[in-house]
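Following: one structure in structure tokens, then a few remarks.
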Amino acid sequence: MKKRILALALASVMVFALTACGNSDSNNAADPTSAPAATEAAGSADATAAPTDAATDTSTAAEDVITVMVPPVTSTYLDKMAVYAEQFHEMYPNLTLEITATSWDDHTEKLNTTALAGQAPDIAEVSYASIGTYVEMGVGINIADYMSADRLADYDQNALDYMTLEGVTYGLPLYITIQSIGANKEMLTAAGVDVASVQQNGWTYDEFLTAISNGTTDDCYGFVFASSAATAADYLNIFGISAGLTNPFTSELKYAYTSENMLNLLTAISDMANSGYTPNYGVDASQRMVMCETGNAMIFGKAMPLFEGNITKNNAAIAAADGTAVEGSINVEYAFLPIPTMDGVTESCYGSVDGLVALRNNDTTDEHLANVMLALDFLCSGDRAAATDAELYLDSVCESGREAMSAYVVEDRDAANLAAAAREISLVVAPPTGITAEMSSDASTLMSEVIAPKFQALLAGECTAQEMYDTICSEAFNVFGEENCETGFIAQ
Amino acid sequence: MAHKQTNNHKQKRFRITSDDRWGYAFIFFAMVIFLVFTIYPVISAIKTSFLDYKPFGSEYVGWENYADTFHNKLFFKAVKNTVIYTAIVVPATIAITFTLSVMMMAFSKKIQTVFKGIYYLPGIASGVALSVVWLWLYDSSPSGLFNEIMTFLHIPTQNWLNSSKTAMGSLIFMAMVSSHGTNIIIYIAALLGIDKSNFEAAEIDGANFLQKIRYIVIPLVKSTTLFLFITGIINSFQVFMNAYMMTGGGPDNNTTMIGLLIFNNAFTRSEFGLACAQAIIMAIIIAAISFVQFKVMGEDIEY
């Protein structure tokens with residue numbers, strides 16, 4: 001009998017130990033100090049007050065925890081978030097920010113999974129293009145219901161428009177980023193390109209083609225754009241600008257990737273791959289800049305103004321010979337370039353807005369949301385916005401951020417790149433108004449299920465541009481209806 | 001008398017003995033865990049498959065998710081890809097592990113243990129880490145290891161993971177040469193269970209090595225082979241990480257397996273209802289294949 005009892009006890013311990021291994025969060029859930037106290041959050045801070053003024057109003061308010069999920073927006077962003085959380089707690093002693101750090105690779109999946117489980121963080125970082133997904137899911141929150149017009153007025157309207165779907169604003173912008181191409185200036189000049197003129201005036205696709213033809217050698221591609229897996233969407237969105245595709249939808253809200261412009265774009269990319277000017281295999285996102293730094297690529301994409309900092313650091317590491325430079329890298333002078341334009345196309349630049357959105361979860365109440373808005377506003381404005389934008393070499397998109405920006409003057413920036421970036425920002429075309437969450441979600445599905453997979457086959461020379469275009473048209477007609485798809489040329 | 005005997009028999013059949021109680025006590029905790037972590041999720045998945053799932057306010061849509069699945073070309077492409085992958089990987093892997101196990105039997109127990117350890121080693125490594133190594137091997141640029149070998153042999157370099165011609169083959173090759181450890185251990189246990197007198201009798205009759213394999217080993221390890229076939233097919237139908245890590249399902253969805261499609265629908269497109277419907281369909285397919293396997297291969301097996 002004793003042996004049986006002992007054996008039973010051991011079996012029980014083993015079983016419980018095994019289940020406990022996968023349930024490390026349960027202790028936190030039971031801890032009243034770490035669980036969101038949304039239901040008790042009465043008499044919380046005045047949501048309409050500016051973030052810096054409300055501290056005194058909350059001294060007697062109930063404790064509340066606000067969860068935030070963010071990826072490393074900049075190399076120091078996650079470290080800074082810990083500091084921001086402390087600052088916020090000092091301003092509002094009853095409110096605590098609980099930060100969940102993610103990586104860029106798993107951020108969207110983690111956010112989707114928690115949102116679907118009704119456990120979304122109160123605040124999360126998203127790109128404007130993803131907002132439709134969360135609205136469709138039913139977890140988006142109209143922040144205008146909880147924030148005063150005064151506070152919303154701090155943010156630039158054009159940036160707020162990106163965070164708005166069907167007239168409802170779901171979040172606050174952190175920055176407008178421009179995404180284009182960059183190059184090794186010396187190699188580009190050797191290929192016969194007047195780099196200064198291109199940066200100041202733009203260039204045609206024919207000029208670009210001549211340049212990459214001249215720049216292609218046995219060891220160097222004239223042009224490399226990250227194209228493996230999900231980055232194929234970036235290639236089409238960003239380089240699609242050259243063919244006049246500024247958004248998946250036209251201003252008449254017709255699906256744009258069935259237009260002649262798309263066929264022109266696919267033909268151009270296919271020709272570049274077949275000519276050997278660009279790799280006919282999928283290039284990882286991490287490889288494209290490395291290929292430029294090692295002299296294996298003359299022009300690369302996607303590129304952003306902030307890459308000047310990365311390349312400058314690598315040059316310094318080469319000079320210091322401290323072993324931290326990219327293996328095999330050479331000294332590179334970075335040139336930020338506009339996307340070339342094809343015939344009949346007005347020059348523009350791909351812009352995207354990233355920001356923080358408020359999301360609904362099982363614990364959401366009106367009182368809790370008022371506190372969430374305080375945190376949302378705090379994280380997107382003032383010094384926090386300025387620090388992020390300065391590190392990204394971008395201008396701030398809110399008044400308080402611009403005021404704080406003076407403390408973040410970045411030294412040693414190339415004047416030509418700075419001017420080129422400013423010119424590109426002025427060329428960004430805002431998304432058409434009236435795109436619904438469903439349209440946005442359907443376009444995203446078409447991109448991930450049809451266009452991006454087919455694009456790899458196009459690069460590998462396994463299908464023609466016409467075949468890929470026909471497939472896109474066929475699938476898009478099924479999804480949107482032929483009458484809602486643009487099949488002619490989109491002139492601007 | 002006969003009536004009394006029947007009553008006694010009934011009483012005996014339904015009496016719970018002290019040993020029974022201990023038995024139930026032992027399985028109680030395991031049953032609770034099984035019910036909570038296995039049965040409940042299955043029931044929940046079946047329920048969700050009839051919903052347009054949303055975290056706040058799901059809508060009952062009847063069989064719509066199943067209808068959408070059967071109207072989705074990508075689902076059938078994923079089924080086709082999975083069947084091709086399984087049809088090659090499972091038999092090939094079993095053939096390789098059987099051959100390796102038979103070869104190991106010639107050595108002493110110590111040497112066998114060393115080989116078992118070596119072959120089992122990849123099994124304890126993280127699948128993600130292994131995928132990263134394979135990504136390096138299959139790197140499509142000229143500096144990829146396989147491409148360097150191709151260049152050395154004056155053969156054109158290949159776009160291993162990004163070409164429709166080679167992507168599926170690359171995944172199959174990766175699966176075929178990895179993870180034999182568990183199968184080898186199971187096969188060696190089965191081989192050790194064969195009575196030596198069978199081989200002695202065969203030798204007296206003048207049987208050569210291949211005849212001993214054909215007429216003694218293969219029939220006597222048939223139950224093990226059936227087990228490995230069934231578990232292999234189940235695992236292969238659920239393959240996810242290889243495609244997710246190596247190709248992302250591309251190019252042109254030529255390596256999108258059912259597992260990856262379900263994952264994408266659930267966690268990328270947030271279509272939980274559709275993903276659950278596809279998961280239920282996959283479970284039915286696997287159950288049907290396993291049933292057929294038992295019927296076809298299991299008839300003359302004695303346990």
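The number of residues in region A:135-163 that are closer than 19 Å to A:Asp366 by Cα and among the aromatic types (Phe, Trp, Tyr) comes to 1.
For region A:400-427, give me the residue count where each residue is over 22 Å from the mean Cα position of the chain (by Cα), closer than 19 Å to A:Gly355 by Cα and touching a residue at least 40 places away in the same chain (Cβ under 8 Å). So the answer is 1.
Residues in region A:222-242 that are over 16 Å from A:Gln179 (Cβ atoms) and at pLDDT 95 or above: A:Gly222 alone. Can A:Leu188 be described as touching a residue at least 12 places away in the same chain (Cβ under 8 Å) and over 30 Å from A:Ser396 (Cβ atoms)? Answer is yes for this residue. Among the residues in region A:73-84, are any farther than 24 Å from A:Tyr393 by Cα and surrounded by 19 or more Cβ atoms within 10 Å (Cβ to Cβ)? The answer is no, given that none of the residues of region A:73-84 is farther than 24 Å from A:Tyr393 by Cα and surrounded by 19 or more Cβ atoms within 10 Å (Cβ to Cβ).
Only residues that are within 14 Å of chain A (Cβ to nearest Cβ), part of a loop (DSSP other than H, G, I, E, B) and either more than 30 Å from B:Pro251 (Cα to Cα) or touching a strand residue (DSSP E or B) at 6+ places or on another chain (Cβ under 9 Å) (or both) were counted in region B:53-104, giving 6. Run A:Ala476 past the list (1) under 21 Å from the mean Cα position of the chain (by Cα); (2) of a type in the set (A, V, I, L, M, F, W, C); (3) modelled with pLDDT of 90 or more; (4) over 26 Å from A:Asp156 (Cα atoms) and report the number of the one that doesn't hold. Only one criterion in (1) under 21 Å from the mean Cα position of the chain (by Cα); (2) of a type in the set (A, V, I, L, M, F, W, C); (3) modelled with pLDDT of 90 or more; (4) over 26 Å from A:Asp156 (Cα atoms) is unmet by A:Ala476, namely (1).
Within region A:439-450, being without any contact (Cβ under 8 Å) to a residue 60 or more places away in the chain and facing chain B (nearest Cβ under 9 Å) holds for A:Thr445, A:Glu449, A:Val450.
Between B:Thr38, B:Thr86, B:Thr17, B:Thr97, which is loosely packed, with under 11 Cβ neighbours inside 10 Å and under 23 Å from the mean Cα position of the chain (by Cα)? Answer to the check: B:Thr38.
Of all residues in region A:96-125, those satisfying the criterion of being in contact with a Pro (Cβ under 8 Å, 6 or more places away or on another chain), facing another protein chain (nearest Cβ under 9 Å) and free of Cβ contacts under 8 Å to residues at least 40 places away in the same chain are A:Leu116, A:Ala117.
B:Thr225 meets all of the listed conditions (1) at pLDDT 85 or above; (2) within 14 Å of chain A (Cβ to nearest Cβ) but one, namely (2). Among the residues here, A:Ala430 does not qualify as within 27 Å of the chain's Cα centre (by Cα), assigned to a helix (DSSP H, G or I), more than 11 Å from chain B (Cβ to nearest Cβ) and surrounded by fewer than 19 Cβ atoms within 10 Å (Cβ to Cβ).
Among the residues examined, B:Leu161 does not qualify as more than 14 Å from chain A (Cβ to nearest Cβ), touching a Ser or Thr at 6+ places or on another chain (Cβ under 7 Å) and buried (at least 20 other Cβ atoms within 10 Å of the Cβ). Being in a strand (DSSP E or B) and either among the aliphatic types (A, V, I, L, M) or at pLDDT below 95 (or both), is that true of even one residue in region A:131-138? No, because not a single residue in region A:131-138 is in a strand (DSSP E or B) and either among the aliphatic types (A, V, I, L, M) or at pLDDT below 95 (or both).
Let's see how each residue does on (1) over 22 Å from the mean Cα position of the chain (by Cα); (2) closer than 29 Å to B:Pro142 by Cα; (3) not aliphatic (A, V, I, L, M):
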| residue | (1), (2), (3) |
| --- | --- |
| A:Ala233 | no, yes, no |
| A:Pro248 | no, no, yes |
| A:Leu266 | yes, yes, no |
| A:Ile269 | yes, yes, no |
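So for region A:322-344 (the condition being touching a Pro at 6+ places or on another chain (Cβ under 7 Å) and under 25 Å from A:Ala390 (Cβ atoms)), does at least one residue qualify? Yes, region A:322-344 contains a residue that is touching a Pro at 6+ places or on another chain (Cβ under 7 Å) and under 25 Å from A:Ala390 (Cβ atoms).
Taken over region A:451-468, the criterion of being within 14 Å of chain B (Cβ to nearest Cβ), of a type outside the set (Asp, Glu) and either farther than 18 Å from A:Gly282 by Cβ or surrounded by fewer than 14 Cβ atoms within 10 Å (Cβ to Cβ) (or both) is satisfied by A:Gly461, A:Thr464. So is A:Tyr128 within 14 Å of chain B (Cβ to nearest Cβ), surrounded by 21 or more Cβ atoms within 10 Å (Cβ to Cβ) and at pLDDT below 95 or not? No: the conditions fail for A:Tyr128.
For region B:117-166, a residue qualifies if it is within 21 Å of the chain's Cα centre (by Cα) and not in a helix (DSSP H, G or I), and the qualifying residues are B:Ala125, B:Ser126. Taking the listed residues A:Met272, A:Met304, A:Met298, A:Met291, the one that is modelled with pLDDT of 90 or more and within 14 Å of chain B (Cβ to nearest Cβ) is A:Met291, with no other qualifying. Taking region A:164-193 as the range and being in a loop (DSSP other than H, G, I, E, B) and crowded, with 23+ Cβ neighbours inside 10 Å as the test, the residues that pass are A:Tyr170, A:Val193. If only residues of region B:164-175 that are in contact (Cβ under 8 Å) with a residue 40 or more places away in the chain and of a type outside the set (A, V, I, L, M) are counted, the one that is farthest from the other protein chains (Cβ to nearest Cβ) is B:Ser170.
When each of B:Ala279, B:Ala207, B:Ala275, B:Ala266 is tested for being of a type in the set (Gly, Ala, Ser), under 30 Å from B:Thr48 (Cα atoms) and away from every other protein chain (no Cβ under 11 Å), the lone residue that passes is B:Ala279. Looking at B:Gly144, is it under 29 Å from B:Asn81 (Cα atoms), within 14 Å of chain A (Cβ to nearest Cβ) and of a type outside the set (Lys, Arg)? Considered against the rule, which asks whether it is under 29 Å from B:Asn81 (Cα atoms), within 14 Å of chain A (Cβ to nearest Cβ) and of a type outside the set (Lys, Arg), B:Gly144 comes out as yes. Restricting attention to region B:124-141, the residues that are more than 16 Å from B:Leu171 (Cα to Cα) and surrounded by fewer than 14 Cβ atoms within 10 Å (Cβ to Cβ) add up to 3. Suppose the filter is of a type outside the set (A, V, I, L, M, F, W, C) and within 14 Å of another protein chain (Cβ to nearest Cβ); does A:Gly382 pass it? Spelling it out, it is not the case that A:Gly382 is of a type outside the set (A, V, I, L, M, F, W, C) and within 14 Å of another protein chain (Cβ to nearest Cβ). Taken together, B:Ile194, B:Ile188 contain a single residue that is away from chain A (no Cβ under 14 Å) and part of a helix (DSSP H, G or I), which is B:Ile188.
Regarding B:Thr182, is this residue within 14 Å of chain A (Cβ to nearest Cβ) and not hydrophobic (A, V, I, L, M, F, W, C)? When the stated conditions are applied, B:Thr182 does not pass them. Residues in region B:207-257 that are among the charged types (D, E, K, R), surrounded by fewer than 21 Cβ atoms within 10 Å (Cβ to Cβ) and in contact (Cβ under 8 Å) with a residue 60 or more places away in the chain: B:Lys222 only. Given the options A:Ala211, A:Ala232, A:Ala196, name the one that is within 14 Å of chain B (Cβ to nearest Cβ), in a helix (DSSP H, G or I) and out of contact with any His (no Cβ under 8 Å at 6 or more places or on another chain). A:Ala232 is the lone residue from the list that is within 14 Å of chain B (Cβ to nearest Cβ), in a helix (DSSP H, G or I) and out of contact with any His (no Cβ under 8 Å at 6 or more places or on another chain).
The values are calculated or read from the model by the stated rules, or taken from the named source; none is laboratory data. Quick caveat: nothing in here was measured; it's all calculated off a predicted structure. Every residue, glycine among them, receives a Cβ derived from its backbone with ideal geometry; neighbour counts consider all protein chains shown.
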